[in-house]
Every structure is written in C-alpha cells, then in structure tokens.
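Chemist: Input: one structure, supplied below.
The values are calculated or read from the model by the stated rules, or taken from the named source; none is laboratory data. Everything numeric in this text was worked out from a predicted model, so none of it was measured. A quick note on method: Cβ atoms are made from the backbone with ideal geometry, for glycine too, and the neighbour counts reach across all protein chains shown. Only protein heavy atoms, including side chains, enter the accessible area calculation; ligands, DNA and RNA are left aside. Shrake-Rupley method; radii C 1.70, N 1.55, O 1.52, S 1.80 Å.
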Amino acid sequence: QVQLVESGGGLVQAGGSLRLSCAVSGRTFSFDAMGWFRQAPGKEREFVAIISWSGANTHYADSVKGRFTISRDNAKNTVDLQMNSLKPEDTAVYYCAASRMGFVIRTELYDYWGQGTQVTVSS
C-alpha cells in the first residue's frame, strides 16, 4: 500500500509564505518522480512542480517559477513545497502525487494521490 499525506496548508496574506509537506509511505521503490498539483474552485487540476525520485531534477510551472521550491528529504521520506511571495491566484487545494511513468507533468500519468491541503491567500 502507498500513502501520501499532505500537511502545511492554511490562510496567509498576499506576499507571505507557506511550506507544504507530503509524507510518503509504502511501496515506493517503483516511483520515478513526485509532483505537486493544485485545483482551484471551478478549474481543472494543474501541474505546479515536479522532482525526480533521486532529487536530482526539478521542473516548475511558469506561474510559480522563482517563487516555489520543491525538495525531497530522504531521511524523513517527505516531499516539500516551499511557497514564497504568494498571490491570491495561488489559492487552491494542493495535492502531492507519485508517478511510475517517468518525469512527467500530466495528471493522468500519476498513480497515487494524497487527499489534498487547502491553501488560501488573501489580498
């Protein structure tokens, strides 16, 4: 069994910071990459950031590049998303997910998903 559990969401003012964490457990040996996605009300789920399972490679959506940083903590088996300079348009439910299909950003190529954590940025 694989479990992904997100934490760290909350309410923050525009310009502030939040750090999301995704605790990963179970049969992770086949994972190629971990991703963060988000879904705002009335919108489709969209890619935010990805990190290879080794941690060597990362990639970001243009909308968050330079503001968000994805990282892995191998000792704790977590994948974190540091979010700085937050904007109201970053408001969404944030999900972490695991891919066995390579270093990919399409949601349909991710096999395992967490339950999500709400991030709300007030103006």
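Chemist: For the range 1-44, run through the trypsin sites (Lys or Arg not before Pro) and keep only the ones in DSSP coil with at most 13 other Cβ atoms within 10 Å of their Cβ.
Modeler: Details: sites: 19, 27, 38, 43; in loops: 27, 43.
Sparse-neighbourhood loop trypsin sites (Lys or Arg not before Pro): 27, 43.
Chemist: Another question, if that's okay. Could you tell me what a quarter of the Cα convex hull surface of the range 58-123 works out to, in nm² with one decimal place? The partial results should precede the final answer.
Modeler: Numbers: hull surface 20.8 nm².
That works out to 5.2 nm².
Chemist: With a 1.4 Å probe and all protein chains left in place, how much of the accessible area of the chain comes from carbon and sulfur atoms, in whole percent?
Modeler: After summing per-atom areas, the C and S share lands at 47 percent.
Chemist: Let me check something: with ligands and nucleic acids excluded, how do 110, 60 order by accessible area (1.4 Å probe), largest to smallest? Could you put the intermediate results ahead of the total?
Modeler: On the way: 110 15, 60 40 Å².
Descending accessible area places them as 60, 110.
Chemist: With a Förster radius of 35 Å, plug the Cβ-Cβ distance of residue 27 and residue 65 into 1/(1 + (r/R0)^6) and report the FRET value to the nearest 0.05.
Modeler: 0.60
Chemist: Are there GluC sites (Glu not before Pro) in the range 30-123 that DSSP marks as loop and that have at most 12 other Cβ atoms within 10 Å, and which are they?
Modeler: 44
Chemist: Here's another thing I want to ask about it. For residue 40 paired with residue 19, estimate the spin-label separation in nm (one decimal), with each label point 7 Å from Cα along the Cα-to-Cβ line.
Modeler: A separation of 2.7 nm, rounded to one decimal place.
Chemist: Mean separation of Cα pairs under 8 Å and 6+ residues apart, divided by the residue count of the range 49-123: what relative contact order is that in percent? Could you put the intermediate results ahead of the total?
Modeler: Details: 101 pairs, mean separation 19.4, N = 75.
Relative contact order here is 26 percent.
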